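Every read-out reported here was derived from the displayed coordinates using simple, explicitly stated rules and does not represent laboratory data. Just so it is clear, the structure is predicted and the values come from calculations on it, not from any experiment. Ideal geometry is used to build each Cβ from the backbone, glycine not excepted, and the neighbour counts take in all protein chains shown.
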Amino acid sequence: MVESIYKNDYRPFQAGKSLPRVSTVLDSVRAYQFEIQFFGLPPELAGQQQDLTLAAKQVSPVDYSVDVIEVKRINDKLYYPGQSNHGDLTVTFDNLYLRDTAKTLWNWFKTIYDPLTGDMTKLSAPGGSGNRAFKANKLRIIELDNTRTPHSAIELYGVWPSAVKFAEKNYSTNEFHTIEVTFKYDFMDYFNYAHS
């Protein structure tokens, strides 16, 4: 016989004496309790890593997937995992006066492509100065619990900005100006601090 886990394990209680388990076990990570951190920015920008943490106000969904290989045999279709695939990460930053957020993000983007000179990835160009890279070592999105203590994190490795978008200017709005940056990354991991 099929039974309901919710009904049997989470809903029963004695009124006035206890609470049903469902009253407390559904507490979850809040989408608005997060912090983003950058590690290993290009040397010219390393001093602004904490400034970017302060300025970040919105992070897009992070996704990683595996392409599907379809195999056909007679009247059957079977599916196997293929190459890995991951999307972009978009972060929206407030353009902070005192931290010069726009300058920091624009200067990082210019290490990828400089519109004035046409140079591409000049920090790691052949004949360049040593062991420099245009990619950040790591970008960490920390999920905070109800006491603002780190609960879990998504880590992206080999991160670099592929697009920069300066927000619209409009006399009729009453909000901060923002900068939206799209990042590419090579690898991803997720872990829970309590179980790592």
Where does the charge balance sit around GLU155 when Lys and Arg score +1, Asp and Glu -1, over other residues with C-beta under 11 Å from its C-beta? +1
Just flag the GluC sites (Glu not before Pro) in region 134-196 sitting in loop per DSSP whose Cβ has no more than 10 other Cβ atoms within 10 Å. GLU168, GLU175
Can you work out the FRET efficiency for the pair TYR193 and VAL71, with r the C-beta to C-beta distance and R0 = 35 Å, to the nearest 0.05? 0.30
Extension length gain for ASN174 and GLU44 (0.36 nm per residue less Cα distance), in nm, is 43.4 nm
Which residue fluctuates the most in the chain, going by a Gaussian network model with Cα springs under 10 Å, if the choices are THR24, THR121, THR178? THR24
With N set to the residue count of region 1-103, report its C-alpha Rg divided by 2.2 N^0.38 Å to two decimal places. 1.89
Which residue fluctuates most in the GNM of the chain (Cα springs below 10 Å): ASN75, ASN107, ASN174? ASN75
Separation between Cα centres of region 90-110 and region 1-67, rounded to whole Å: 26 Å
Once both axes come from the Cα atoms, what is the angle between helix 101-112 and the longest principal axis of the chain, in degrees from 0 to 90, rounded to 10? 70 degrees
Approximate spin-label separation THR147-LEU26, in nm, with each point projected 7 Å along Cα-to-Cβ: 2.5 nm
Neighbourhood net charge (13 Å Cβ-Cβ; Lys/Arg +1, Asp/Glu -1) for VAL22: +1
What FRET efficiency do you get for TYR97 and ASN137 if R0 is 25 Å and r is their Cβ-Cβ distance, rounded to the nearest 0.05? 0.30
Within 10 Å of each residue's Cβ, count the other Cβ atoms and sort ASP119, ASP27 from fewest upward. ASP27, ASP119
Return SER28, SER162 ranked ascending by Cβ neighbour count within 10 Å, so the fewest neighbours appear first. SER28, SER162
Determine the calculated [θ] at 222 nm for the chain from helices alone, applying -39500 (n - 2.57) to every DSSP H run no shorter than 4 residues and normalising by the residue count; nearest 500 deg cm²/dmol. -3000 deg cm²/dmol
Length released on extending from ALA163 to ASP186, taking residue separation times 0.36 nm less the Cα-Cα span: 6.7 nm
Candidates VAL29, VAL68, VAL91; GNM for the chain (alpha-carbon contacts under 10 Å) flags as most fluctuating VAL68
Classified through the alpha carbon gyration tensor (a ≥ b ≥ c as square roots of its eigenvalues; rounded if a/c is under 1.5, else prolate when a/b is larger than b/c, else oblate), the chain comes out oblate
Cross-link table LYS57/LYS138; LYS138/LYS169; LYS72/LYS184; LYS72/LYS138; LYS57/LYS169; LYS77/LYS184, entries beyond 30 Å C-alpha to C-alpha: LYS138/LYS169; LYS72/LYS184; LYS72/LYS138; LYS77/LYS184
Check each of the chymotrypsin sites (Phe, Trp or Tyr not before Pro) in region 1-80 and keep only those in coil by DSSP with at most 10 other C-beta atoms within 10 angstrom; list them in order. TYR32
Can you list the trypsin sites (Lys or Arg not before Pro) in region 3-83 that are in a DSSP coil and have 13 or fewer other beta carbons within 10 angstrom? LYS17, ARG30
